[in-house]
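The values are calculated or read from the model by the stated rules, or taken from the named source; none is laboratory data. Everything numeric in this text was worked out from a predicted model, so none of it was measured. Virtual Cβ from ideal backbone geometry, glycine too; neighbours counted across all protein chains shown.
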Amino acid sequence: MAKLLIEGGVPLVGRVPIGGSKNSALAVITAATLASSGTVILDNVAPVSDVRDMCAILTALGADVRWAGPTTLEIFAGGVNHPVAPYHLARKLRGSTYIVGALLARLGEADVAFPGGCQIGSRPIDFHIRGFQALGADVALERGSIRARARRLRGARFYVERASVGTTVNMMIAGSLAEGTTILENAAMEPEIVDLANFLNAMGARVRGAGTNLVRIDGVDRLSGVRHEIIPDRIEAGTYLMAGAITRGSVEVTRVIPEHFRTVLLKLEQAGAVIEETDDAVRLTMPGRPRAVDIETLPHPGFPTDLHPPVVAVLSLADGVSVVQETVFDNRFAYTHELARMGANVKVDRDAAIVRGVEQLTGAPVEAQDLRGGVALVLAGLAAAGETEVNGLEHVDRGYVGLAEKLQALGARVRRVDAA
Ligand code: EPZ
């Protein structure tokens with residue numbers, strides 16, 4: 001069990017390069033299996049553990065997947081011929097749900113374990129299943145797996161409940177090779193959806209409207225390999241800016257697209273941060289104690305749910321009381337119990353965290369329960385007096401590569417200890 005040892009109290013100062021978006025990479029890597037000819041080359045892929053697991057699933061399906069560089073993936077999917085994803089792998093991550101859409105589109109059948117991923121609520125896949133059925137597939141849930149069949153998917157009009165990101169991704173992937181047109185109403189508008197559409201269209205698909213709540217996909221017969229660069233990870237960017245905020249330092253994130261996390265920047269400014277931006281970098285300086293702010297998480301372009309735990313860590317030291325309402329997931333508050341061990345005063349009241357700012361946090365041994373809750377504990381440790389030990393780092397490794405090194409480069413006194 002890996003852990004991070006942090007000696008808190010050092011204002012972080014410096015510049016940190018941001019990697020490719022995990023959530024875009026998981027969708028694009030899956031969509032690469034649709035290419036029956038040619039090789040897909042993906043640049044700016046962050047080798048986080050979820051991405052590595054997804055590559056292993058593709059290999060098991062018959063694709064040739066290799067790292068052609070530290071962040072460059074080469075995928076030849078011409079040989080994809082096996083409709084069963086390894087159960088132990090598919091159940092590890094949420095993104096494996098996309099494999100069902102890709103296999104249905106490519107092979108007409110799929111057998112994929114019910115997905116796993118962070119325990120941040122029930123996270124059903126009923127919208128995905130209804131989507132596959134709308135496209136003409138027979139879907140059964142048997143022995144912990146999703147088993148789906150369709151001679152050829154047929155385009156359909158489909159309403160995406162709750163503007164689900166995963167459902168939108170799945171329907172874009174499956175619809176790309178369906179017969180006829182698929183119309184997605186109430187589609188998710190995240191930047192990762194736009195990145196996927198750009199990739200699909202470069203492969204020969206016909207996806208229009210991505211980034212709006214109405215997406216039209218005209219199915220084609222085949223797709224072929226193409227080179228594509230994954231967009232920067234807006235959640236990683238926000239995380240490092242918040243590391244600068246919580247330690248009252250000055251941190252610049254580079255290789256980012258500020259527009260992708262505009263709401264986050266506005267909220268950090270409301271909390272007292274000074275933000276300076278260029279077209280591919282953002283610097284945050286926190287001159288003093290943060291001010292309390294109220295935040296509601298929403299589908300894009302609202303405040304992203306994935307930065308709810310990190311921003312609560314920042315606000316736990318604010319001057320005043322903040323309310324952070326979580327409207328996307330039904331329970332991603334597990335981290336608040338661990339924050340309390342460090343002296344934070346956070347009360348969960350139904351779907352909201354009431355954060356009464358304290359003067360100081362104190363270091364303690366704490367346990368990461370999920371990816372974003374885990375990184376929130378790291379942020380708290382960076383500001384806390386004394387030593388914090390964040391256990392369960394494998395949760396954090398799912399979404400962050402080189403976290404300790406990047407924090408050390410900003411001046412943090414942090415050391416990673418892997419299992420003995
Ligand atoms: C994606 O999860 C991301 N994961 C999440 O990031 C992100 O928090 C989320 O989108 C929202 O932006 C990946 O891209 C791999 P949803 P997803 O479908 O697709 C409910 C991270 O930390 N729902 O938009 O699972 C669901 O329970 C992760 O990087 C159903 O009820 O999110 C949630 O309450 C965490 N039935 C709401 O919809 C379904 O069939 C929105 O979920 C599907 C979803």
Q.
Any residue at all in region 151-165 that's free of Cβ contacts under 8 Å to residues at least 12 places away in the same chain, away from the ligand (no atom under 13 Å from the Cβ) and not basic (Lys, Arg)?
A. no
Q.
For the list (1) surrounded by fewer than 21 Cβ atoms within 10 Å (Cβ to Cβ); (2) within 15 Å of the ligand (Cβ to nearest atom); (3) part of a loop (DSSP other than H, G, I, E, B), I need the number of the one condition that Arg248 fails.
A. (2)
Q: From (1) charged (D, E, K, R); (2) at pLDDT 95 or above; (3) within 15 Å of the ligand (Cβ to nearest atom), pick out the condition that doesn't hold for Asp138.
A: (3)
Q: Assess whether Asp279 counts as being farther than 20 Å from Gly373 by Cβ and either away from the ligand (no atom under 16 Å from the Cβ) or not assigned by TED's automatic domain parsing to the domain that holds Ile246 (or both).
A: yes
Q. Hey, does region 128-135 have a residue that's in contact with an Asp or Glu (Cβ under 8 Å, 6 or more places away or on another chain), within 26 Å of Thr212 (Cα to Cα), modelled with pLDDT of 95 or more and more than 10 Å from the ligand (Cβ to nearest atom)?
A. no
Q) Within the bounds of region 315-333, is there any residue that is more than 18 Å from the chain's Cα centre (by Cα) and within 22 Å of Arg94 (Cβ to Cβ)? A) no
Q: Identify all residues within region 306-327 that are within 16 Å of the ligand (Cβ to nearest atom) and crowded, with 21+ Cβ neighbours inside 10 Å; write none if there are none.
A: Asp306, Leu307, His308, Pro309, Pro310, Val311, Val312, Ala313, Val324, Glu326
Q) Of all strands (runs of 3 or more DSSP E) completely enclosed by region 1-92, which ones contain at least 1 residues that are within 15 Å of Ile230 (Cβ to Cβ)? A) 13-17, 39-43, 64-69, 72-76
Q) Quick one: in region 108-124, which of the residues that are within 10 Å of the ligand (Cβ to nearest atom) and within 14 Å of Gln369 (Cα to Cα) is surrounded by the fewest Cβ atoms within 10 Å (Cβ to Cβ)? A) Gly121
